[in-house]
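Structure first, then comments.
None of the figures in this text is laboratory data; all of them are computed from the coordinates on show. Bear in mind the structure is a predicted one, so any value in this text is a computation, not a measurement. All Cβ positions, even for glycine, are placed from backbone atoms using ideal geometry, and neighbour counts span all protein chains on display.
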Amino acid sequence: MKTRKRYPTDLTDKQGERLNRLLPHKRTAEALMREYINGIMYVLRTGCSWQMLPHDFPPFQTVKTYFYKLQRDGTWERINDALREQVRVHEGREPEPSLLIIDSQSVKTTEKGGLVAMMVAKR
C-alpha cells in the first residue's frame, strides 16, 4: 500500500492498535481497515461531505460504506462503550456508572399535555 502524508485526524499507532481489537475483521487487511477508519475520522472531524474526502484516502464510496456498515452492526456503539469503560478504569472509577441523573427540564413529558401545556396561550 502506498504511504501518504499524515493528517491531524489520523489515528496514532497506539490508537490504531487499540481500535483494531474492537473492529470486526472478516476479509479486510488491517492496514486497509485503518485507512478506512482514518478517512471516516477525517470526514467526522472536518465536517466535509463524503465526496470531499481527499484523494489520497481510499475511494469515498468505500469509506462511506464502511462507516454505515459499522453503524448498522453496532460496532460504533460497542467501541464507544469499550473506550468509555477504559477511561473510567484509568481514572480509578468503576467501569460502569452506578447512578444516572436525568434533568427534568430537558425531558419532554405528556403528564402536562406535552408541548401544548408548556406554551403560553395566544389570544
In range of the label at LYS5: residues from region 46-69 whose backbone nitrogen is under 17 Å from the point 7 Å along Cα→Cβ: 53-58
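Classify region 13-90 from the C-alpha gyration tensor, please: rounded if a/c falls under 1.5, else prolate or oblate depending on whether a/b exceeds b/c.
Values: a/c = 1.76, a/b = 1.58, b/c = 1.11.
Prolate, since a/c reaches 1.5 and a/b exceeds b/c.
Report the extension gain between THR75 and SER98 in nm, rounded to one decimal, defined as 0.36 nm multiplied by the number of residues separating them, less their alpha carbon distance. Provide the component values of the computation, followed by the final result.
Values: separation 23, 0.36 × 23 = 8.28 nm, distance 2.40 nm.
Value of the extension gain: 5.9 nm.
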Within region 39-93, trypsin sites (Lys or Arg not before Pro) in DSSP loop having at most 12 other beta-carbon neighbours inside 10 Å: ARG93
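Hey, with R₀ at 41 Å, roughly what FRET efficiency would LEU22 and GLN105 work out to, going by the Cβ-Cβ distance, to 0.05? All intermediate terms of the calculation are to be shown ahead of the outcome.
On the way: r = 35 Å, r/R0 = 0.86.
So the FRET efficiency works out to roughly 0.70.
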